[in-house]
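What follows is one structure encoded as structure tokens, with my remarks underneath.
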Amino acid sequence: MSKDFNILFAGFGGQGVLFSGKLAAYAGLYDDKHITWLPSYGPEMRGGTANCSVCISDTPIGSPCVVSPNAFVALNLPSFERFKDRVVPGGTMIVDSSMIPAKCDRTDINIVYVEASKLATENDLEGLSNIILLGKLFKETGFCTAESLDKALLKCIPPKRKHLLEPNRKALKIGCEA
Amino acid sequence: MEDKFLMKGNEALAEAAIQAGCRHFFGYPITPQTELAAYMAKRMPQVDGTYLQAESEIAAANMVLGAAGSGVRAMTSSSSPGISLKTEAISYMAACDIPALIVNVQRGGPGLGGIQPSQADYWQATRATGHGDFQILVYAPATIQEMVDLVGVAFDKGDQYRIPAMILADGMLGQMMEPVKLPEAKANKIIDKPWACCGHHNKRPHNILNSLLLSPKELEDLIVQRYKRYDIIKENEQKWDEYLIDDADIVVVAYGASSRISHTAVDMAREKGIKAGLLRPITLWPFPVKAFETLKETAKAFISCEMSMGQMVDDVKLAVECKKPVSFVGRTGGKIPTPNEVLDKIIEVGGCC
């Protein structure tokens, strides 16, 4: 039996937190898993806190709220501080270290620091740090198959934004190799 | 379109209504239901339907009253404070025996409350969606697929019994995405409505839909007749779902979002060797009292889990005829209980029985 994933993405509104979650959810769907995607955000569209719970499971999902993630992607400092201690032992935490200057001293989880925002800027992929982080999450946890992740990209990038497909693929690749 | 795809609850409700033959939507934006109205604004013109953003919730609900009175499938949607404004028109619909769909994607109350998920409109939905002696059908979906399925049921049963129907959802279900499979469009299967005010063309006597009856006898007779219909509904339309209740000592009763939390909590309790089960009402009115017939003898205790201060507890007590203790666990004001909080209650109650 493969593992269930309870993934939490958290950052500011506008960082692509919900979109990363949507990609993960669709990837799970294409792997024939049960999935839920649950956003949580304040009244403001941009600048407020935004987080997104994604459950990927072989069995029907009860609570869609991820309280204790086994995979956590931190996109800003407040989210890192708020959720770092909630990651279950043995879980994985992906940290955008160009946004988050702090370190976590837990030894019971796999902590991966990626300078995602810096890498995005350097590679002319402004605004795709969330996808770089998702690539890293994929590499570290294997929450889905590579095929399904690409299918999810094809699904989630609307036809009028088709020109963004290749940059997104590139961002995923950079994340995998970072 | 693929067989299965992801949809937000709010959008799934809207698309399901279109698939069920609804071509008239009247609404007014409010968080956390706005995606439903936005989806309708986009979709209704594509299917030659009417999407109208009214000047207020009161106007929108009265437009539903008028449209549904002409026999078409009409609906409105809102969230808690907006539903309060619609209750006047819902009472008039009930008084005229007009079927229509009202969706409540609940948020925290009272007053303007908050914008986070809540189930604090249980009393309003099941006791008083307006003044006067009346009930409406109330369906409480727990998954996005069930939201889709129950929209069709709510329209069909509303038409069959000539009664307004409500989908009582909450901000969590409205905002979350899950895989859904949409039903086949069934617009052509809508039953005839010989009572509808849709123009008599000099071929039949004109129909009247009116709620004003100044003769107490006439009004009483009409209400008594209506309550006979309610009895038939109570007999035939109770719906619920059961999970691990056959050998359960402790039965958690929960609907909608809190039933999902409870489902996880029941699994955790079972892992600890506690015989817990989940009884999930799908209809809140009629409340599924039949589900408790054997359970009230076999189970040792009941826990009502809700995102309110315990509004469903009384219904559970009535259903178990107070033969077993009924306790409450939950959060309110926009907080969602965690599975661990529900588990703690199961353990606490389990220790007493």
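Worth a mention:
- Highest-MSF residue in chain A out of A:Ile94, A:Ile131, A:Ile61 [GNM, Cα springs under 10 Å]: A:Ile61
- Computed from Cα positions, the angle between helix B:339-352 and the longest principal axis of chain B comes to roughly 60 degrees.
- Averaged over peptide A:62-74, the number of partner chain Cβ atoms lying within 10 Å of each residue's Cβ comes to 5.
- Other residues whose C-beta falls under 13 angstrom from the C-beta of A:Val88 contribute a net charge of +1, scoring Lys and Arg +1 and Asp and Glu -1.
- Span from the the range B:318-344 Cα centroid across to the the range B:35-54 one, whole angstrom: 38 Å
- Beta-bridge orientation, the range B:84-177: approximately 10 percent antiparallel, per DSSP, counting only bridges with both partners inside.
- In sequence order, calculated HN-Hα J values of the range B:227-242 (Karplus, 6.51, -1.76, 1.60; Hz; x Gly/Pro): 5, 5, 5, 4, 4, 5, 4, 4, 6, 9, 10, 6, 10, 7, 10, 10
- Each Lys and Arg Cβ is given +1 and each Asp and Glu Cβ -1; about its Cα centre, the range B:295-353 then shows a dipole of about 60 debye.
- 0 to 90° range, to nearest 10: angle between helix B:256-271 axis and chain B longest Cα axis: 20 degrees
- Rel. contact order, % - alpha carbon contacts under 8 angstrom, at least six apart, the range B:171-277: 22 percent
- Comparing mean-square fluctuations of A:Lys118, A:Lys139, A:Lys160 from a GNM of chain A with C-alpha springs under 10 Å, the top value falls on A:Lys160.
- Close amide H pairs (under 5 Å, H built 1.01 Å from N) link A:Gly91 with A:Asn110, residues at least 5 positions away or on another chain.
- Protection proxy ranking for B:260-266, A:35-41, using the average of other Cβ atoms within 10 Å per residue and placing the highest first: B:260-266, A:35-41.
- Under the Karplus curve 6.51 cos²θ - 1.76 cosθ + 1.60, θ = phi - 60°, whole-Hz ³J(HN,Hα) for the range B:124-136, x wherever Gly or Pro sits: 4, 5, 9, 10, 7, 7, x, 7, x, 7, 6, 10, 10
- Nearest-0.05 FRET efficiency for B:Glu184 and A:Asp32, computed from C-beta distance (R0 35 Å): 0.90
- Three-way shape call for the range B:247-353 based on the alpha-carbon gyration tensor, with the a/c threshold at 1.5: oblate
- Order by protection proxy (mean Cβ within 10 Å, highest first), peptides B:86-93, B:308-315: B:86-93, B:308-315
- Bridgeable aspartates and glutamates around B:Lys345 (alpha carbons under 16 Å apart, same-chain partners fewer than 8 residues away excluded): B:Asp249, B:Asp267, B:Glu271, B:Glu306.
- A:Ala50 long-range amide H proximity, modeled H, under 5 Å: A:Gly11, A:Phe12, A:Gly13
- Here the protein assembly as shown is assigned +1 on the Cβ of each Lys and Arg and -1 on the Cβ of each Asp and Glu. Its dipole about the Cα centre then comes out at about 640 debye.
- Counting neighbouring beta carbons within 10 Å and listing from fewest to most, the residues B:Ser215, A:Ser148 come out as B:Ser215, A:Ser148.
- Cα gyration tensor shape for the range A:5-177, rounded if a/c is under 1.5, else prolate or oblate: rounded
- Spatial separation of Cα centroids for the range A:150-178 and the range B:197-229, in angstrom: 61 Å
- With the alpha-carbon atoms of the range A:82-178 aligned to their principal axes, the span from lowest to highest coordinate is 43, 28, 23 Å, starting with the largest.
- Distant-in-sequence amide contacts of B:Ile245, defined by a placed amide H-H separation under 5 Å and a gap of 5 or more residues or a different chain, comprise B:Leu278.
- Mean partner shielding of peptide A:27-40, defined as the number of other chain Cβ atoms within 10 Å of each residue Cβ, is 4.
- Most positive-pole-ward Cα, A:Asn168, A:Phe143, A:Val112, against dipole of chain A from beta carbon charges: A:Asn168
- Pairs beyond 26 Å (Cα-Cα), from B:Lys157/B:Lys203; B:Lys239/B:Lys296; A:Lys136/A:Lys162; A:Lys22/A:Lys173; A:Lys118/B:Lys335; A:Lys118/A:Lys139: B:Lys157/B:Lys203; A:Lys118/B:Lys335
- Mean sequence separation of contacting Cα pairs (under 8 Å, at least six apart), scaled by the length of the range B:7-161, corresponds to a relative contact order of 25 percent.
- Taking a ≥ b ≥ c as the square roots of the eigenvalues of the Cα gyration tensor, an a/c ratio of 1.5 or more together with a/b larger than b/c marks chain B as prolate.
- Antiparallel bridges, percent of DSSP beta bridges restricted to chain B (to nearest 5): 25 percent
- Most mobile of B:Glu218, B:Glu235, B:Glu297 in a GNM of chain B (Cα contacts under 10 Å): B:Glu218
- Theoretical ellipticity at 222 nm over the protein assembly as shown - DSSP helices of four or more residues, -39500 (n - 2.57) apiece, nearest 500: -12000 deg cm²/dmol
- Pairs of Cα atoms farther than 31 Å apart, the protein assembly as shown, %: 50 percent
- Karplus 3J(HN,Hα) series, Hz, for the range A:90-105 with 6.51 cos²θ - 1.76 cosθ + 1.60 (x for Gly, Pro): x, x, 10, 10, 9, 10, 7, 6, 7, 9, 10, x, 7, 10, 10, 9
- Of all DSSP bridge pairs formed entirely within chain A, close to 55 percent run antiparallel.
- Value of relative contact order over the range B:69-168, rounded to a whole percent, pairs C-alpha under 8 Å and six or more apart: 34 percent
No lab work stands behind these numbers, since they all come straight from the coordinates. Everything numeric here is computed off the predicted structure, so don't read it as measured data. Glycine also receives a Cβ, built like all others from the backbone with ideal geometry; neighbour counts cover every protein chain displayed.
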